[in-house]
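Novice: This is the structure, below, for whatever I ask next.
The values are calculated or read from the model by the stated rules, or taken from the named source; none is laboratory data. Computed from a prediction, not measured in an experiment: that's the story for all the values here. We place every Cβ from the backbone using ideal geometry, glycine too, and count neighbours over all the protein chains shown. These area figures cover heavy atoms from the full protein model, side chains too; ligands, DNA and RNA do not enter into them. Shrake-Rupley method; radii C 1.70, N 1.55, O 1.52, S 1.80 Å.
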Amino acid sequence: MRPDDDAAEVEEANARFYRAFESLEIAEMDAVWSHRDDVRCIHPGWCLLSGWDTVRQSWAAIFKGSREMRFILSHVDVHVTGDLAWVTCTENILSHARGQVAVTSLLATNVFERRGGEWLMTHHHASHTLPSPPAGGA
């Protein structure tokens, strides 16, 4: 398989993750994640979650408290090295939860591992962005 093909597959795996998120269906999220003990997830403002059972419980809690979630991704950057890949992107989110509508942008890193020919998520980390770069920063 060519590197461009791998990158396209990883970009599609990343898109599947966000479609699963938008669906607010735990079965959809189950399908995009690896179910191993070494998976990790960091939601904005949360501590590090380790292992599929804990990560899955976090998604179930998020879905239970949300009525709607829509993503527009920007600055999507895909890197593939063998059977490991990562995507960095900006999540531009419209959400409706607990009676409030919110629009926010988060920076995300999504890590995928190719297992049995399929790219599965092994790590998701999303965090809030600063309104502008720090002085002297990037």
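Novice: Suppose we filter segment 22-48 for residues that are open to solvent by less than 20 Å² (accessible area, probe 1.4 Å) and hydrophobic (A, V, I, L, M, F, W, C); how many remain?
Specialist: The qualifying residues number 5.
Novice: Take the residues in segment 88-98 that are modelled with pLDDT of 80 or more and open to solvent by 40 Å² or more (accessible area, probe 1.4 Å), then tell me which one is nearest to LEU73 (Cα to Cα).
Specialist: ASN92
Novice: Turning to a different aspect of this structure: In segment 49-58, which residue that is exposed (fewer than 15 other Cβ atoms within 10 Å of the Cβ) and of a type outside the set (Ser, Thr, Tyr) is farthest from GLU113 (Cα to Cα)?
Specialist: GLN57
Novice: Just to be sure I understand the filter: pairs with C-beta atoms under 6 Å, separated by 6 or more residues or on different chains, first member in segment 14-26 and in contact (Cβ under 8 Å) with a residue 60 or more places away in the chain, second member assigned to a helix (DSSP H, G or I) and surrounded by fewer than 20 Cβ atoms within 10 Å (Cβ to Cβ). Which pairs pass?
Specialist: Pairs that qualify, where the first residue is in contact (Cβ under 8 Å) with a residue 60 or more places away in the chain and the partner is assigned to a helix (DSSP H, G or I) and surrounded by fewer than 20 Cβ atoms within 10 Å (Cβ to Cβ): there are none.
Novice: From the set of residues in segment 64-79 that are open to solvent by 50 Å² or more (accessible area, probe 1.4 Å) and of a type outside the set (D, E, K, R), which is farthest from LEU24 (Cα to Cα)?
Specialist: Among them, the one singled out is HIS79.
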